[in-house]
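Input: a single structure, listed below in C-alpha cells.
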C-alpha cells in the first residue's frame with residue numbers, strides 16, 4: 001500500500017518529535033518538572049560538661065541529648081541554611097578546622113536519601129523525613145565537643161498522571 005508524501009512526511013515528523021523527547025528523558029505531552037531543592041538547616045553546636053548557659057534555641061535538642069550525655073553548657077556556634085538540588089553537595093566549616101558536607105541524592109517514601117560526611121570521622125547515607133532532625137557528635141573542641149544537627153525540608157514530588165492526559 002502506497003502512502004501519500006504528505007502522510008509519510010507527517011509520520012516522519014512525529015517519529016522525530018518522539019525521538020527528541022525520549023533523548024531529553026520526557027514522554028511526549030508530559031510536563032516533567034525538576035524536583036524542588038532540598039532545604040537543609042545545618043546547625044553546629046558546642047556542648048560541654050563545664051558549667052555554663054544552655055542556648056534557648058537548643059531547648060529541644062538539650063532535652064533529647066540530656067538523656068544520653070551529661071552536659072551543662074550548650075551553645076550554637078553557627079546555623080546555615082542550604083538550598084540544594086538533588087545530587088549537589090553543600091559544605092559547612094566547623095571551628096575545629098574540619099567540615100561537614102551534605103548531598104541530597106533522592107527523595108523516597110522513607111525521606112530524603114542524603115550523603116553525609118564529617119571530615120575524617122564519618123561518611124554515611126541517611127534517610128531523613130522532611131522536618132525531622134539528625135544529630136551527629138563530632139570533634140572535641142575547647143573543653144567540650146561539637147555536634148552537628150541536620151534538618152532537611154522538601155516537597156515530595158507529585159506522581160506523574162496515569163492514563164491519558166486531560167483534553168486528549
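Taken together, the values in this text are just the output of simple stated rules run on the coordinates, not laboratory data. Just so you know, these numbers come straight off a predicted model, no measurement behind them. Here the Cβ positions follow ideal geometry from the backbone for every residue, glycine too, while neighbour counts run over all protein chains shown.
The calculated pair-distance distribution of segment 38-153 uses every alpha carbon pair, bins of 10 angstrom beginning at 0, and gives 14, 46, 32, 8, 0 percent.
Across segment 38-153, the mean sequence separation of Cα contacts (distance under 8 Å, 6 or more residues apart), normalised by length, yields a relative contact order of 29 percent. Per-residue extension of 0.36 nm, minus the Cα-Cα distance of residue 54 and residue 41, leaves a gain of 2.7 nm for this segment.
Suppose the chain between residue 105 and residue 134 were pulled fully straight at 0.36 nm per residue; how much longer would it get relative to their current alpha carbon spacing?
On the way: separation 29, 0.36 × 29 = 10.44 nm, distance 1.66 nm.
Gain on stretching residue 105 to residue 134: 8.8 nm.
Of the peptides 96-108, 36-48, the ranking by mean beta-carbon count within 10 Å, highest at the top, reads 36-48, 96-108.
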